[in-house]
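Comments concern the structure below.
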Amino acid sequence: MPYLIRMNETQLLLLNHSNNNGVYSQILSSTGLSRPTIISRNPSSNYSATLDDDKNLHILLQPSKEQVIHLHYQDKNVTRNTILEDPKNIYNFSNLKTIHATNQVHLFYTAKKPNEDSYELIHHILCKEDKFETCPILSFSSETLGFRYQCYDGKIFILYGELSDTYCLNIIVYQDNSWTKPIIIKKSTFPIDDFQFCIDNQGRIHIVYVYEKYGRYHLSYKQYFGEGFSDDHSLYSTSTIIYPTIFTYHGGVWINFIGDDKLQMILSMDNGASFSKNVDCSMQTNDLRRCNFLSAPDIFPLNFNCNTIFASLSYPIRSGVISSIDMINFHPDLRPNTELELFIDGIIHTFSGDSPTTNTPAAPQDIINRIKDLEVENNELKQIQENMVQQYNDMAELTKKIQDEGKKWRDKALDLTKELEEDKLKSKTQDQ
């Protein structure tokens, strides 16, 4: 999966791969999109990246099944080290992931146990000398359903899926140099096909997952906060597989997915207690990709928390939702929408009672009801507009038919007049 990495205040890095170029990078800045820079010509899709506290880029890639390489970019120099080798292809390295936390670069990957049909999730801590501390943290008797990673408050959270007697989503946490026991997030007798999560600035874990039931794919939401779980929210159902993303932005929990060949969005403005219906995003292109996302420290405000995001990767690179309401300068070639930010902040202050002209602030539920009423009114206006357009089109079509019929009758009248004149001429000639 491609990476979008906000390196600093002026550059957005795209890390991608193709069969022709292998692993390559491009930089989007205020002057446009740079030409591709080849990082590895091997067309491997097993790679990962992270930024350390000094905004230096670390890339882990697997140019072959037998080797894992660490690239460390610093002061326009690149240090390249081979950190894993498996010349006999015994361990089948896969699921590479690197993440920065607690002033260290962490490496994760799965490896097959020799002479066994089981796998382990391995944790390495990469030191400056590229030595590691190795720790198997999970064992699986079969292929896993995948791993999702997030760093928050100096801790590493791993959401992962496994299949035993049932399908399970679990979470483990790395803190104080040790791993917690797995916490069961969701159990299901139906297949869990995909999942993503993010953690907001209050520590709430927002989880979205897709499960298959009776030939349909169902999108659901769940929240974990401290010791408590929310109820499952059923959000969407379709006959084709979907791959969602979830992130928090400006007080909202945003969920994106591609359904019916369109990028769609669902929004919660009350921390996941309720959600809107799915709506088509304003940006629709044919080259949308789900991307990993990360940024250097202190680039974005605390209300933007994102692991994955849909984006169009051709020039100009545009994210699915943020591009329409970019108030944080996500896209370095665009100016942030400060008018929209001021407008939304004004609404929030008014509803929260911070405005000096407001003596009776509205409750959060009142805000939600007002938004729903406005949404209903907006839909009604859209329907009226569509009806008027349809009526106009019908009248235009009827007018054209009348014009065509009139032309036919006019042509017939001309032909008849011509025949009458010819008959008169013949009669006059015969009389003479």
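The values are calculated or read from the model by the stated rules, or taken from the named source; none is laboratory data. In this text the structure is predicted, and so the values were computed from the model without any measurement. Here the Cβ positions follow ideal geometry from the backbone for every residue, glycine too, while neighbour counts run over all protein chains shown.
Could you say which residue among Leu84, Leu107, Leu138 is crowded, with 17+ Cβ neighbours inside 10 Å and closer than 28 Å to Gly226 by Cβ?
Details: Leu84 fails: closer than 28 Å to Gly226 by Cβ; Leu107 fails: closer than 28 Å to Gly226 by Cβ.
From the options Leu84, Leu107, Leu138, the qualifying one is Leu138.
Conditions (1) surrounded by fewer than 16 Cβ atoms within 10 Å (Cβ to Cβ); (2) of a type in the set (D, E, K, R), marked per residue:
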| site | (1), (2) |
| --- | --- |
| Ser276 | no, no |
| Thr285 | yes, no |
| Asp298 | yes, yes |
| Asn307 | no, no |
| Phe310 | no, no |
Got a sec? Which strands (runs of 3 or more DSSP E) wholly within the range 1-58 have at least 2 residues that are closer than 13 Å to Asn292 by Cα, of a type outside the set (D, E, K, R) and not assigned by TED's automatic domain parsing to the domain that holds Pro297? 3-6, 12-18, 47-51
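Being under 21 Å from Asn305 (Cα atoms) and either outside the structural domain of Asp260 (by TED's automatic domain parsing) or at pLDDT 90 or above (or both) narrows it down to one residue among Ile171, Ile125; which is it?
Values: Ile125 fails: under 21 Å from Asn305 (Cα atoms).
Every option except Ile171 fails the conditions.
Give the residues of the range 68-78 that are touching a strand residue (DSSP E or B) at 6+ places or on another chain (Cβ under 7 Å) and farther than 16 Å from Thr98 by Cα, sorted by residue number. Step through it out loud before you land on a result.
Within the range 68-78, the first condition is being touching a strand residue (DSSP E or B) at 6+ places or on another chain (Cβ under 7 Å), and the residues that meet it are 68-73, 78.
Hit for the range 68-78 is Val78, nothing else.
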Assuming Glu116 fulfils every condition listed in (1) buried (at least 16 other Cβ atoms within 10 Å of the Cβ); (2) free of Cβ contacts under 8 Å to residues at least 12 places away in the same chain apart from one, which condition is it? (1)
With the requirement that a residue be in contact (Cβ under 8 Å) with a residue 12 or more places away in the chain and outside any loop (DSSP other than H, G, I, E, B), what does the range 329-346 give you? Leu340, Glu341, Ile344
Exactly one of these conditions fails for Ile309: (1) touching a residue at least 60 places away in the same chain (Cβ under 8 Å); (2) out of contact with any helix residue (DSSP H, G or I) (no Cβ under 9 Å at 6 or more places or on another chain); (3) not aromatic (Phe, Trp, Tyr). Give me its number. (2)
Among what's in the range 258-274 and is within 17 Å of His206 (Cα to Cα) and in contact with a Ser or Thr (Cβ under 7 Å, 6 or more places away or on another chain), pick the residue that is surrounded by the fewest Cβ atoms within 10 Å (Cβ to Cβ). Ser274
Could you tell me how many of the residues in the range 300-328 are at pLDDT 90 or above, in a loop (DSSP other than H, G, I, E, B) and of a type in the set (S, T, N, Q)? 1
If I ask for residues that are surrounded by fewer than 19 Cβ atoms within 10 Å (Cβ to Cβ) and not polar (S, T, N, Q), which ones from the range 217-241 would you list? Phe225, Gly226, Glu227, Gly228, Phe229, Asp231, Asp232, His233, Ile241
Any residue at all in the range 63-83 that is closer than 28 Å to Leu121 by Cβ, touching an Asp or Glu at 6+ places or on another chain (Cβ under 9 Å), assigned to a loop (DSSP other than H, G, I, E, B) and not assigned by TED's automatic domain parsing to the domain that holds Ser295? yes
